[in-house]
Structure formats: C-alpha cells, structure tokens
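To start, the structure under review is shown below, and the notes come after it.
The values are calculated or read from the model by the stated rules, or taken from the named source; none is laboratory data. This is a predicted model, so every value here is computed, not measured. A quick note on method: Cβ atoms are made from the backbone with ideal geometry, for glycine too, and the neighbour counts reach across all protein chains shown.
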C-alpha cells in the first residue's frame, strides 16, 4: 500500500500550495542529511504533514527571527496548548532560516508519538547525529556505544564543545512533552556559548506551565526567551485562507465569509486546517458556514454523524481503535484487534485511503496508523470511543501479550512490545507486571539466566531504553505503595544494565538474527562479522555456539574462518569442535585436527587440560561452561575428577605440549587423577622432563611444583636437584632469587648443605647468605649474619647493596646495627641511602637513630633533608631535638621549612624549653608565604598548650588567617577561666558569623558550639545548618552536614540528614560516597526509619552509578534498610539479598 502524499492530497488542485510545500520538503533534505535512513524515514512524513498549510503567523516568525539575532537569549521556550500549531510554526521557521541564513546549521528533533520518535533511543539518536554532523564527528559517533545513557553524555559534550569556526548552530527539540517513558530533563542545560541557540517546545498542561517547563529542562539560571502562541486573529485567518489555494482563495477577500470562518474555527489552527480541507473536498459548502456551530468538537461530531449515516462501520472501527490505542497501530495489530472489519490488509487500505479519513489518520512507516494530531485523538476518544471500547482493546492486548509471553517463540508485535506494559498497568495487574519485568529465567539452552522481557525488547530495539521505560512503570508503583522489595529489585536491575559491558551476549545475538531490529533482522553473515570483531575469545566461541544451537544456517566457510581466527587456543578448539558437525567431510576432518592441535599447543597446562576436559566431555552443561566461562588460568588441582575414558586423551594432550615447563605442570596436575599404577610412571617422566629444562628459574619452579606429588625419597631428590640447580648459578643476585623460591621447603640437612656450598664459593655471597640466615638454627644465625653484613660492604652496585642490606635489617642482632648503619651511610645515592635508613630505623637505638639522621642530612637538597627530618623526628631522643631544630632553621626553602616545623615532636627536654621555643618561633616567623607561616605558628601554639597558655594565645593572635586563628583560639578557650572563656568565645562567634565562606563558617560553628551556653549553642548550630546547606561542592556539603547531625537537636536532625543524603548521592566519587553513607546510615535508621519516600529518592540516584557502586552503597545503608523493613513490617534485607542473587545470575 502506498503511503499518502501529504504534500499533494491537501492542495485541492492549487499548484501554488503544492509548490510551497514541496519547497519546504526539499529544504529539509539538507537539514536531515546527517541522519541514517532509518531515522530520516521517521521524520520525513512529519515534515510533509506540517508543510502543506500555513499562514497568519508573521508576528510569531518575526519574534523567532529576532531571537536568533539577539545575543541576550541563548535559549528559547515555546509553551502553548495542544493543536495551536507549535510544530507547524517551527517546521516553517526552520525552513525559512535554512533558505535565508545558510550560516546557521540546523538540528531538528521532533518528539512525536504518532511519528514514532517519542522513545528515548530514537529522540537522542536524532539529536546526537545532528550534533555529530555539526562537529564533523559522524565517523566517530558510529564507533560509540549507542545506549541512551552514553548518548546523553555524548550530547552534553557536543553541546558544550566550541562550535567550528564561522559556524552558528540552531538546535530545536519539538514536543518534549510527548517523550514516552523518559524525560528530556536537563539534557540541554549547558553553558551558553556564542553562536549556539537552543529552542524547546512543549504542550501547556494543567500542571505544567512555561515556568514549570523551564525548571524541568534546567534553565532556571539563564536568560530564556519565552514565545507565546495564541489562536489566530481574524486577519491571520484571512491570510491563511489566501495561502490555501483554489477555490478557497476566492473567498479570502469576502469579509462575511472570513468572519463566519473565524467564528466556526474559533481561530484554532487545527480546526481551521480541517475546515479548509473539508471545503476543498466539497464536504462542506461555503454557504453553510453560517449555520455551523463553533469549535473542533462540533465539527468532528457532525462528521461522525455523516459517517454513520453512510454506514461507514469499518472506518469508524478503525478510528475507534486508533483513538483507544496508546500509540501507532500496525496493520497486523489492526487485523488482530478488529478481525470482523479487517480480515485483509486491503480492507485496512480501503478505510485509510477514504478521503475524509486521510485527513485524520496518517500512515507512519510501513503500514502503521495513528491520528495526525494528538488532540484529534483526545476529542474522538470522547466522541466515538466508549469506556467499554477501551476496556475491550485493553483486554485483547493483555491476552495477546500473555499468549506471546507464555511461549516467547514468535516475533514480538510492535504495539505489544511498546504498550503491553502500559495496558497491564492501566488494568492494575501489578503482580503479573512484576513477574514480566523482574523475574529471571533460564535461557533456552539452560546455560545462563535472562530477563525475558528485557531480552525481547533489546533484540528488536538494540538498547535497554524501552525495557527501562517499562521497568520505571513498576518502580513508580512500588514507590507509591512503599514496597521496598520491588524498589530494591528495580534499582539493582537498572544499575546492572548500566554497568553491563557494551557487547552482545549470545542470547541477544541469536534474537537479532532470528527476530531483528526496526531496520530488519541481522543476516547470519553480519552476525559472523560482529563475532569476528569481538575482543573476547570466550565470547566469540559462546556466540558462535549459540547460533549453532539455535539452528541458524551459517555461511559455513565464513564461520570456519571466524572460528580459526579466535586468538586463544582453548576457545578456538571449542569453537572448531562445535562447528565441525556442520562442515563438509574434508573441512570437518581439518577442523577437528586443528582443534586437537590447539589443545596440544596451549601455552599453559591449565588451558590445555581444562579446555580439553570441558570442550570434549559428553555433557552439554560442560560444553556450555566451556563456551561461557572467562578464559582465566585456573589451577588444575581445582578441577573435578576427569572421567576415566578421558584420562588417556588428556594425558596425550599434556604430553604433547612442546614447552617443557608447561608440560611438567600439565603432567603434575594430572597425577592425582591417575590410577596408582600409572602415577609412578608419570612422576618419573615429569621428573625427567624437569631435569632437562635448561633455564634455571623454570627448572627450579617446576621441581618445587612437582615435589609435593612425589613419594618421600623422590621428593627429597627433587628438592636436592632444585637446590643444586640454584647453587650452581654464579651471579649472587640471581642465585639468591632462585634460592628464595625453595628455601622454605628445604630440610635442615639441605639448608646446611646450601650454607656449606655458598661459603666455599668464590665471589660475593652476601645476598645468598641473607636468604639462608633466617632459616638457620639460632646458634648459627649470628655468625652468618655477620659474614653477610661484611660481604655486603663489598658489593659494588649501590642498588644491590641497598637491597641486600634491607633484607638483612629485620634479622640483624643489636650488636651489628652500628656496623649496618655504617654500610648504609656509605651509599652515595640519596634514594638508595634513604631506602636503607627506612629499613634500619625501627631497629636503631635513639642515639644511633639521631646519628643516622644527622649523617643523612649532608645532602644539599633541602627537600631531601626535610623528608628525612619529617620521617624520623618523632623518634628522635629529646636531647637531640635542639640539633634537629637548628637544622630546620637552616633550611631556606619555605615549603620545606614549614613541613619541618609542622612535624609533631616528642616532649621538650626540661632544660631547654626557652631555647627551643625561640628557635621554633624564629624559623616560623622567617617564612614569607603567609598561609605557610600561619600553619607553622598554629602548630607551635597548640604544642604549648596547656602549660604555656599565655604564650600560646600571644602566638595565635599573630596568625593572619581568620579560620586558622579562630580554630586555635577555640582550643585555647578550653583552658581559660570561665569569665575569660565566655568573652573569648563571644569574640570568636562574632568573627565566625562574619566569614563569607560557607564551609569555613559551618566547620568553625560545629567546632565552637559545644563550648557555648545552651541558648548561644542552639543559635550557632542553626547558623551552621544554614551555612552547611549553602556549600556548593556536594562532597564538602555532605561531609559537613554529616558532622553536624550529631550536634543538632532532634527536631533539626531530619533536615540535616536529608541534606547530607542528597549531597552524598549527588557526587560521583564512589569511595567518598560510600564512606559518607556508612556514617549516615545509623542516624538515618534512627531518624528516617519510616521515610520510604526519602529512601526511594536515594535509591533512584544510587542506581545511576551502576551495579558495583550500588552494591557498596546498599551495604553502607544496610542499617537504614533494615530499620525501614522493620518499621513497615517488610522483609527488606531478605528481599535485597534475593534481588542481588537474581540480578547477579543475569547480569552480575
């Protein structure tokens, strides 16, 4: 059936009107050029429909032009009642801008239910493609993930990115009120930039005026130009008639006709449009206008009466269906819902092509029908559709959905896919809705869990947006009912989908081939191309096997190429094995030979045996496991026992591995599974192979791995061989590394043998002795450590000398520490000397530690000297503090000196307090950078408390920074007499209240409040709460409010907790968020144990961060969840556990 030509069938023979409409359609070809065919096909009928008849809007066009020219308003908002002509106005204005001002690049996004662009995926794709073209980034956009969440981020980046040179951009989103299952929200709330204009239009509703829409889109803080659109005045009606074409144009200059036309239409553009079409078609005679009642409702009522008189039952049935349906109906939907009238598609075509019907019903896409305007649907719904009609349609849709869901083996009809959930919700079938949307079931093959409805929608739509829109219906119901279990499950599902890796799972790939997307089903060849590009070898094998299991007829040569190209041996073997039965005899033989070769050539033994075990077991479940588990190396000792008939094959596969090290590990892992009679032979073979390994480190590792599986004598022999191999290495460093791998398994006799061998060797042996010493008898350790330390002095390489000394440090006896310190201080390299000093410091006596520090300070680099002092000063003996302070005073770099002065010191020696104080103050006051000086002075002042209060106060009063000074004074006030304390606290309070920075003010008020009298304390905490709410940065606001809650009276805690929770869930750094939630949870459990609304809001926000962060956050909030469940008598914690398990089976 041909789609009606909306640019021609309204012209009534008037060539001027047809030419004007066609000119607009042609203009939009340029605007829509960036869109892929599937998206432009949705928009073109909308353009054609709204381009045919237009007039009387000169003032509104001029206002839009002025907005475009003005630098004062980056954003425009058009809010007007339904049917007033918003879309038509914007369509004509954009065409005019495109023709007259070509420097403006236009991005047009019509959000329309009847034209099937109201879904989130479609609308965001329209916007993303337009913006990508604007920035010449289409090629990159095609490589990005196209899920709605990602598209929103991409759109934000595009809108924020500077425009190309000499380019201006006009972005228009029309009909944001029709967004279905999602909300536009702050999508376009970006920082204005020169040359970028954004216009949004929305329907004025009883609960949403233009200010409400402004808040909804996040434009509160920017200049927004509001556009008004009112009914047409009589002169505008005359202008519209003059542009309507013959024969109506002849009446445009007749004042009486214009007056009657204006009266009947009431200036309503939709009614005027329908009247003109009726006049052109001859349905209405011009002379009859004076007898016709006023308004759209009267016009439609008269038309329906005429239709019924002509017995147009089929047409009325079609109108009734379109009015009762929530969205466009396909031809198959119409046939299924009204079989008595529409047994064939020809019957539908006859009804749709009826001239009067064509004015109301448009064909959107391929055989899909909807009213041309939402307002027509609403009026006709009242006029012709009874509540019983809607109920019947609803029952039929629900029944059809249940029938499909029971088997899920047929293609999912479009209307059912998009609106079944809405009908279930309207019918109040919430139990069934919960089952459909949240239950996880085994997949067809039983090898994994899926959520069937999500899988079905994704297979057709290519994203989770539609399913999440459906889930939101259930989630909102749960919030209204306070059902914690459903809320938690919905949150975990959404978070899991947000965290999901953006690659196709086997189940979905099968459905894309067998069911398809709106653009058609995938071909088997296309699916193989996708598999070939997957980066994960396990997923490649799993997807290929899934296609085979579901009977997809593949191009076998291409499939064999894809399988052969899988990178990892084990997964390549699994894919070739699964594919082999479908190949020709010759190819089958080659594929199986390659599969066996892949197993035998595996680099790691665990891959060789495990993949062989899983890929070739005569057990479907094992096959599925082989195709779906991650290809991580696993210990073969964790495998289930191999069945007897596979041992020979597994043993052959392990024996055939060419790499000696890998073959030894494979054979070693098989020993426990072999019959006792065969184990000894394998042990012997493994031992022989191990001894033949040429690389020392590999041979030693293999021997150590094999030893536990050998009999006692052979085990000792293997370890002896490993030790001999290690000791044969000439280089002391490599020898010590090899020996460290086995020394913990050596017997005392072998350790004694090792010591004797090392002592008799030539060359340096310090490192090897350091490895052996801790395992020697106590009586021998002292001598060996002395020998090792002596040998360390003669190591030429300073790094190696430092490493050996670091290894020795924990084991040296006290008598050797001075000698070790001498070796350390002989190292010239600053970095290596510091490494050894750090290792030795915990072992040194106070005097030795001071000597180490003083010796280390001969570096001229002040940063290094500061590092040494700040690291070791807390351990300096009191009688050496003067020396350290003198060193600090000598440091000239201000940052280094500040760090040194700020380092906590041990108690001052009684004999030197005044001298030390003078030294510290002199060093601090010499710092020129004010913030650094203030922090150093504050540390000294606090150090003097409480014994030297007057000196501390004097120093504090020299601090310039009000925040630091106030904080120190609060501490000082604790030690004053009561009267003096109150005076000082009052001064501090006045200073703090005058601080402009909200965070500083709040922090100090929290610190100050406990020391104030009750009345002043209450006022200070109230001021702290105001200041905390005023903090802009979310993480800081959350932390301050969390700290404040415990100090507040019970009446104010709920507000502070809600604010802290709001701030905590806003910032995105998950560790900080979880820490804050952990701190808040006990207080929330006590204060908000009844507040499911606050919990629902919190859960929504947390789910946006994805599954792993949500699980952490829910764990942090466990006390609150438990308290909510207890208060509302719901098993919330149990429901959470069940939801975690269920969603983990599917998406974990």
message = Being out of contact with any strand residue (DSSP E or B) (no Cβ under 6 Å at 6 or more places or on another chain), closer than 30 Å to residue 448 by Cα and part of a helix (DSSP H, G or I) is true for just one of 1119, 1108. Which residue is that?
response = 1108
query = Being touching a helix residue (DSSP H, G or I) at 6+ places or on another chain (Cβ under 6 Å), surrounded by fewer than 23 Cβ atoms within 10 Å (Cβ to Cβ), closer than 23 Å to residue 1121 by Cβ and outside the structural domain of residue 544 (by TED's automatic domain parsing), is that true of even one residue in the stretch 483-492?
reply = yes
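Please find, among 1114, 1048, 1124, 1061, the residue that is surrounded by 20 or more Cβ atoms within 10 Å (Cβ to Cβ) and not in a helix (DSSP H, G or I). Walk me through how you get there before you give the answer.
Numbers: 1114 fails: not in a helix (DSSP H, G or I); 1124 fails: not in a helix (DSSP H, G or I); 1061 fails: not in a helix (DSSP H, G or I).
So the residue among 1114, 1048, 1124, 1061 that is surrounded by 20 or more Cβ atoms within 10 Å (Cβ to Cβ) and not in a helix (DSSP H, G or I) is 1048.
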task = Scan (1) modelled with pLDDT of 70 or more; (2) closer than 18 Å to residue 419 by Cα for the single condition residue 343 breaks and write down its number.
result = (2)
inquiry  = I'd like to know if the stretch 412-434 contains one or more residues that are closer than 30 Å to residue 549 by Cα, touching a helix residue (DSSP H, G or I) at 6+ places or on another chain (Cβ under 8 Å) and not in a helix (DSSP H, G or I).
reply    = yes
query = Can you name the condition, by its number, that residue 389 falls short on among (1) at pLDDT 70 or above; (2) part of a helix (DSSP H, G or I)?
reply = (1)
inquiry  = residue 146 - would you say it is in contact with a strand residue (DSSP E or B) (Cβ under 6 Å, 6 or more places away or on another chain), at pLDDT below 90, in the same structural domain as residue 107 (by TED's automatic domain parsing) and surrounded by fewer than 20 Cβ atoms within 10 Å (Cβ to Cβ)?
reply    = no
key: Residues satisfying the stated conditions in the stretch 465-477, i.e. touching a residue at least 40 places away in the same chain (Cβ under 8 Å) and surrounded by fewer than 22 Cβ atoms within 10 Å (Cβ to Cβ)   = 469, 472, 473, 477
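With the requirement that a residue be part of a loop (DSSP other than H, G, I, E, B) and buried (at least 19 other Cβ atoms within 10 Å of the Cβ), what does the stretch 1068-1090 give you? Talk me through it step by step, then tell me what you get.
As a first pass, look at the stretch 1068-1090 and keep what is part of a loop (DSSP other than H, G, I, E, B): 1068-1069, 1088-1090.
Selection gives 1088 alone.
Let's see how each residue does on (1) in contact with a helix residue (DSSP H, G or I) (Cβ under 6 Å, 6 or more places away or on another chain); (2) under 16 Å from residue 109 (Cβ atoms):
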| site | (1), (2) |
| --- | --- |
| 133 | no, yes |
| 156 | no, yes |
| 170 | no, yes |
| 182 | yes, yes |
| 187 | no, yes |
| 193 | no, no |
task = Could you identify the single residue in 821, 799 that is out of contact with any strand residue (DSSP E or B) (no Cβ under 9 Å at 6 or more places or on another chain) and crowded, with 19+ Cβ neighbours inside 10 Å?
result = 821
query = Which condition breaks for residue 66 when tested against (1) in contact (Cβ under 8 Å) with a residue 12 or more places away in the chain; (2) farther than 27 Å from residue 128 by Cβ?
reply = (1)
query = Restricting attention to the stretch 110-121, and to residues there that are surrounded by fewer than 24 Cβ atoms within 10 Å (Cβ to Cβ) and not in a loop (DSSP other than H, G, I, E, B), which single residue is modelled with the highest pLDDT?
reply = 110
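Show me the helices (runs of 4 or more DSSP H) entirely contained within the stretch 178-289 in which 1 or more residues are outside the structural domain of residue 127 (by TED's automatic domain parsing) and in contact (Cβ under 8 Å) with a residue 40 or more places away in the chain.
Values: elements: 210-216, 234-242, 255-265, 269-281.
Helices (runs of 4 or more DSSP H) meeting the threshold: 234-242, 269-281.
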request  = Need at least 3 residues that are crowded, with 24+ Cβ neighbours inside 10 Å and modelled with pLDDT under 80 per element, so show me which helices (runs of 4 or more DSSP H) inside the stretch 523-612 make the cut, counting only ones lying wholly within it.
outcome  = 585-600
note = Over the stretch 68-88, the set of residues under 15 Å from residue 226 (Cα atoms) and either buried (at least 19 other Cβ atoms within 10 Å of the Cβ) or touching a helix residue (DSSP H, G or I) at 6+ places or on another chain (Cβ under 8 Å) (or both) is 68, 73, 74, 75, 76, 77, 78, 79, 80, 86
